[in-house]
1. Do the conditions hold for Leu116, that is, is it part of a strand (DSSP E or B) and modelled with pLDDT of 95 or more?
2. Of all residues being under 22 Å from Gln30 (Cβ atoms) and in a helix (DSSP H, G or I) in segment 60-98, which is most open to solvent (accessible area, probe 1.4 Å)? Just the residue, please.
3. With the condition kept exactly as written, say whether any residue in segment 141-153 is among the polar types (S, T, N, Q), out of contact with any Pro (no Cβ under 8 Å at 6 or more places or on another chain) and either more than 20 Å from Leu18 (Cβ to Cβ) or in a loop (DSSP other than H, G, I, E, B) (or both).
4. Considering only residues that are among the polar types (S, T, N, Q) and at pLDDT 95 or above, look in segment 102-113 and name the one that is most open to solvent (accessible area, probe 1.4 Å).
5. Only residues that are polar (S, T, N, Q) and in contact with a strand residue (DSSP E or B) (Cβ under 8 Å, 6 or more places away or on another chain): list them for segment 22-70, please.
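The values are calculated or read from the model by the stated rules, or taken from the named source; none is laboratory data. The model shown is predicted, which means the values in this text are computed figures rather than measured ones. All Cβ positions, even for glycine, are placed from backbone atoms using ideal geometry, and neighbour counts span all protein chains on display. Accessible surface is based on the protein model in full, side chains and every heavy atom, while ligands, DNA and RNA are left aside. Shrake-Rupley method; radii C 1.70, N 1.55, O 1.52, S 1.80 Å.
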Amino acid sequence: MPAIQAGVKAPDIKLLLLDGREFSLDHARQRGPVVVVFFKVSCPVCQFTFPYLERIYKAYGKSGRVTIVGVSQDNAKDTAAFNREFDVSFPTLLDEIGKYPASNAYRITHVPSIFLISPEGEVERSIVGWSKQEIEELGRALADVTGDDSVPVVRVEEKIPDYKPG
C-alpha cells in the first residue's frame, strides 16, 4: 500500500507534461477533483489497467470538471510509445528520472498507484495495483462529481481478474 492514504493532504505536483507544458496539481484542483496515476511503462499491471483508466477519462475527464493525469517514471520517448500502444489520450506528466519528486512525495513503492484528490487537496481514494472493485468505485465517484450517468468501467462480457498486485 502507498504511504499516502485517503484522508491526508495530497502533496502538490509540479511537473512537465509530455508536450512540454507545466502542470500543477494545485492549479488543476481549482477546476475540480484530480485523478493522479503513477506508472512505469514496463509494468504489466499498468499495461493491464490503463485501458480501463482511458475508459474513465473518456466518460468523465473530457467534461472539464475532472482532471485525469498519468505520472510516468520513464523518459518521454518510452512514455509516448506507451501512450500510443495503449491508446492513452489523457495528459501524461514526466517524473524526473533519478529524482522522482512526485513519486517520492507520494512515497510510491508499487505501480500503478492511483489517487483521487478532492478540490480541497485531500486524498479521497488510494488504489494500488489493479482492483476491479476499486476501479469501478472510482468510475462511480467521478460520475457523481460530474453529474453524468455512471458508465460501466468493466464490461459484463470481460472476464478479468478481481485483483492484480502492482
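1. Values: part of a strand (DSSP E or B): yes; modelled with pLDDT of 95 or more: yes.
Considered against the rule, which asks whether it is part of a strand (DSSP E or B) and modelled with pLDDT of 95 or more, Leu116 comes out as yes.
2. Within segment 60-98, the match that is most open to solvent (accessible area, probe 1.4 Å) is Lys62.
3. Taking segment 141-153 as the starting set, the residues that turn out to be among the polar types (S, T, N, Q) are 146, 150.
Okay, now just the ones that are also out of contact with any Pro (no Cβ under 8 Å at 6 or more places or on another chain), so 146, 150.
Of the ones still in play, those that are also either more than 20 Å from Leu18 (Cβ to Cβ) or in a loop (DSSP other than H, G, I, E, B) (or both) are 146, 150.
Looking for residues that are among the polar types (S, T, N, Q), out of contact with any Pro (no Cβ under 8 Å at 6 or more places or on another chain) and either more than 20 Å from Leu18 (Cβ to Cβ) or in a loop (DSSP other than H, G, I, E, B) (or both), one finds at least one in segment 141-153, hence yes.
4. So the first thing to find is which residues in segment 102-113 are among the polar types (S, T, N, Q), and the list is 103-104, 109, 113.
Checking the rest, the ones that are also at pLDDT 95 or above come to 103-104, 113.
On the way: Ser103: 5, Asn104: 102, Ser113: 2 Å².
For segment 102-113, the residue satisfying everything is Asn104.
5. Just the residues of segment 22-70 that are polar (S, T, N, Q), to begin with: 24, 30, 42, 47, 49, 63, 67.
Residues satisfying the conditions are Ser24, Thr49, Thr67.
The rows are residues; the columns are (1) out of contact with any Pro (no Cβ under 9 Å at 6 or more places or on another chain); (2) without any contact (Cβ under 8 Å) to a residue 24 or more places away in the chain; (3) closer than 17 Å to Leu17 by Cα.
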position	(1), (2), (3)
Ser72	yes, no, yes
Ala81	yes, no, yes
Ser89	yes, no, yes
Leu94	yes, no, yes
Tyr106	no, no, no
Leu116	no, no, no
Glu120	yes, no, no
